[in-house]
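J.: Got a structure here, written out as structure tokens. Questions coming.
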Amino acid sequence: MRATTSAEIRAKGLNRERWNAFLRKYAIVLIFLGMVVLLSILSDAFLAPRNLVNVVRQISVMGLLAIGVTMVIITTGIDLSLGSVLALAAVVAASLAQRSDWREVKYPGLDVPLIVPIVAALAIGLLCGTINGSLVAKFKIPPFIATLGMMTVARGFALIYSDRPISGLKDSYNFIGQGELLQIFPVAGQRPLGIPIPVLILAAAAIAAHVMLTSTRFGRYIYAIGGNEQAARISGVNIDRVKISVYALSGLLAGLAGLVLSSRIGSGQPGLAVGYELDAIAAAVIGGTSLSGGIGTIWGTIVGALIIGVLNNGLDLLNVSAYWQTIVKGSIIVIAVIIDTRKNR
């Protein structure tokens, strides 16, 4: 029997290392594909074009929040205020987008261009995020506490601004969340389905964030701070400026998510998005973003959001109780964190 040579041993070790690297990078994609195959077997309705379009439409809001919180987590931070900032931006934008002839218009006689509620939502998100970043960077308040405070304050302002849903929105505003482009998905006996506007917005935000993280100096600074903040400081990185900017971007995306969600449901409600920040954090962690900082990708976060969206949709189609759905989702989050901890160790 021929003895194994040292070259063969090295080749086997190299192949094993390549396989392990492939699994570390693409395991989340394989899991997602496995879920799709399993749900398509268990439910005939899952692969229906209308259902698939609804899934990607529904994850658009969570995806926008998840992109922002991914950048925050990479710097070893956290943002618990996303849902409340979304709600505040939604009610303000909706109040500016009401039809002037609506019976319960908040500002009678006010008829502003569409750009005004859009800018208002983005400005509110940017302001709240900048405050979060300043509290963390300048006042050295732990991110958990700073964003927890903003979560309460923003929700309070949303309730003060409007203690009831704001409806009667303009069609041009509702088109942002309800409209479709490029009707290319055929449906038997119905008009073809198009690509939802919220999905296009999510795709644009994801591409921009991916390019920023992978191809710009600012993106390298974000990873450097998460990897070793002290080393990044010694290297000349302005830690405070980068952290404030990251939280500001997270807030900006929360404002954009508020705009999308309010236009999708045709109403701005102060109680919107309760718990959305937890789903966004879960999507980021499931997608491979390390809670220890320094590790994370936008494409992984999007896959994580798709996993949560497909899981919710599949369990609904299978008539699984909402209580069991929360248990399943929580278990997946815990498993993802355990895997992340073991990998970092």
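J.: Run down the aspartates and glutamates and flag those whose C-alpha is under 13 Å from the C-alpha of residue 106, throwing out any fewer than 8 positions away in its chain.
T.: 163
J.: Which lysines, if any, have their Cα less than 20 Å from the Cα of residue 243, not counting same-chain residues under 8 positions apart?
T.: Answer for residue 243, where 20 Å is the Cα cut-off: 138, 140, listed by chain and number.
J.: Output the 0 to 90 degree angle, nearest 10, between the alpha-carbon long axis of helix 82-96 and the longest principal axis computed from the alpha carbons of the chain.
T.: 30 degrees
J.: Relative contact order of the chain, please, whole-number percent, based on alpha carbon pairs below 8 angstrom and at least 6 residues apart.
T.: 31 percent.
J.: Can you put 70, 297 in order of Cβ neighbours within 10 angstrom, beginning with the fewest?
T.: Exposure proxy ranking, most exposed first: 297, 70.
J.: Quick check on packing: order 84-90, 34-40 by the mean number of other C-beta atoms within 10 Å, highest mean leading.
T.: Packing proxy ranking, top to bottom: 84-90, 34-40.
J.: Right, here's the next one. For every helix of n ≥ 4 consecutive DSSP H residues, a contribution of -39,500 (n - 2.57) applies; sum these over the chain, divide by its total residues, and give [θ] at 222 nm rounded to the nearest 500 deg cm²/dmol.
T.: -24000 deg cm²/dmol
J.: If you don't mind, there's one more thing I want to ask. Rounded to whole Å, give me the distance from the Cα center of segment 326-340 to that of segment 98-167.
T.: Cα centroid of segment 326-340 versus Cα centroid of segment 98-167: 31 Å apart.
J.: Of 108, 45, 250, which is farthest along the charge dipole of segment 35-344 in the positive direction, counting Lys and Arg as +1 and Asp and Glu as -1 at C-beta?
T.: 250
J.: What is the angle, in °, between the Cα long axis of helix 49-74 and the longest principal axis of the Cα atoms in the chain? Nearest 10 is fine, range 0 to 90.
T.: Long axis of 49-74 versus the principal axis of the chain: about 70 degrees.
J.: Could you tally the net charge around residue 101, taking each other residue with its Cβ under 15 Å from the Cβ of residue 101, Lys/Arg +1 and Asp/Glu -1?
T.: Summing Lys and Arg as +1 and Asp and Glu as -1 gives +1.
J.: Straight-line reach only, C-alpha to C-alpha below 19 angstrom: list the lysines that residue 25 could link to, leaving out same-chain residues fewer than 8 apart.
T.: List returned: 343.
J.: Add +1 for every Lys or Arg and -1 for every Asp or Glu among the other residues with Cβ under 10 Å from the Cβ of residue 82, and state the total.
T.: Residues near residue 82 contribute -3 overall.
J.: Determine, from the Cβ-Cβ distance of residue 328 and residue 152 and an R0 of 41 Å, the FRET efficiency 1/(1 + (r/R0)^6), rounded to the nearest 0.05.
T.: Working from the Cβ atoms, E equals 0.90.
J.: Just order 272-278, 56-62 by mean Cβ neighbour count inside 10 Å, highest at the front, would you?
T.: So the order, starting with the most tightly packed, is 56-62, 272-278.
J.: Can I get the semi-axes of segment 275-345's equivalent ellipsoid? Compute them from the C-alpha gyration tensor as square roots of 5 times the eigenvalues, in angstrom, largest first.
T.: Over the Cα atoms of segment 275-345, the semi-axes work out to 23, 13, 9 Å.
J.: Can I ask one more? For the modelled label position 7 Å from the Cα of residue 55 along Cα-to-Cβ, which residues of segment 315-334 have backbone nitrogen atoms closer than 17 Å?
T.: 315-320, 329
Any read-out appearing in this document is the output of simple, stated calculations on the displayed coordinates, not a laboratory observation. Because the structure is predicted, anything quoted here is derived from the model rather than measured. In this analysis, Cβ positions are derived from the backbone assuming ideal geometry, glycine residues included, and neighbour counts consider all displayed protein chains.
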